[in-house]
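S.K.: My questions all concern the structure below.
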Amino acid sequence: MGVTKSDIVAWTKVSVCEENQNWTMQGPIYSGGLGMLNQTWIAYGGLQFAPNAGQASIVQQIAVAKRIQLNPPDQYGCSGAW
């Protein structure tokens, strides 16, 4: 499953809301620009790219996110619910 330019635009909106667009964020529970659970990163094959999402490229993070959910959640300008 490839990552398109429109995927990057859409998932970047999620990143702005989740981690203030800090794609390199690394934490003990969540990592990456999408605030992905480290366990979820592993469960959906993220280890093929990096030990956690924060060490992977934006395209790699989006590729794993698309395995979990094909379309990004609508962020409603960060003010609405998922």
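The values are calculated or read from the model by the stated rules, or taken from the named source; none is laboratory data. The structure displayed is predicted, hence computed values, not measured ones. No Cβ is skipped: glycine too gets one built from the backbone with ideal geometry, and neighbour counts run over all protein chains shown. Side chains are part of the model used for accessible areas, which takes the heavy atoms of the whole protein and leaves out ligands, DNA and RNA. Shrake-Rupley method; radii C 1.70, N 1.55, O 1.52, S 1.80 Å.
S.K.: Condition (residue is of a type outside the set (F, W, Y), open to solvent by less than 30 Å² (accessible area, probe 1.4 Å), within 15 Å of V3 (Cα to Cα) and free of Cβ contacts under 8 Å to residues at least 40 places away in the same chain) applied to the stretch 45-56: is it met by at least one residue?
M.R.: Yes, there is a match, as at least one residue in the stretch 45-56 is of a type outside the set (F, W, Y), open to solvent by less than 30 Å² (accessible area, probe 1.4 Å), within 15 Å of V3 (Cα to Cα) and free of Cβ contacts under 8 Å to residues at least 40 places away in the same chain.
S.K.: Please go through the stretch 17-32 and give me each residue that is open to solvent by 60 Å² or more (accessible area, probe 1.4 Å) and under 13 Å from I58 (Cα atoms), ordered by number.
M.R.: Once the filter is applied, which keeps residues that are open to solvent by 60 Å² or more (accessible area, probe 1.4 Å) and under 13 Å from I58 (Cα atoms), the stretch 17-32 yields Q21, N22, T24.
S.K.: Sticking with this one: Which residues, taken from the stretch 35-44, are in contact (Cβ under 8 Å) with a residue 12 or more places away in the chain and β-branched (V, I, T)? Let's see the steps before the verdict.
M.R.: Residues of the stretch 35-44 that are in contact (Cβ under 8 Å) with a residue 12 or more places away in the chain, as a first pass: 35-36, 38, 40-41, 44.
Across the stretch 35-44, the qualifying residue is only T40.
S.K.: Give the residues of the stretch 3-34 that are without any contact (Cβ under 8 Å) to a residue 24 or more places away in the chain, of a type in the set (A, V, I, L, M, F, W, C) and in contact with a helix residue (DSSP H, G or I) (Cβ under 8 Å, 6 or more places away or on another chain), sorted by residue number.
M.R.: I29 - this is the single residue of the stretch 3-34 that is without any contact (Cβ under 8 Å) to a residue 24 or more places away in the chain, of a type in the set (A, V, I, L, M, F, W, C) and in contact with a helix residue (DSSP H, G or I) (Cβ under 8 Å, 6 or more places away or on another chain).
To keep it simple, each residue is scored yes or no on (1) open to solvent by 60 Å² or more (accessible area, probe 1.4 Å); (2) in a loop (DSSP other than H, G, I, E, B); (3) within 17 Å of I68 (Cα to Cα).
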| position | (1), (2), (3) |
| --- | --- |
| W11 | no, no, yes |
| V14 | no, no, yes |
| L34 | no, yes, yes |
| Q39 | yes, no, yes |
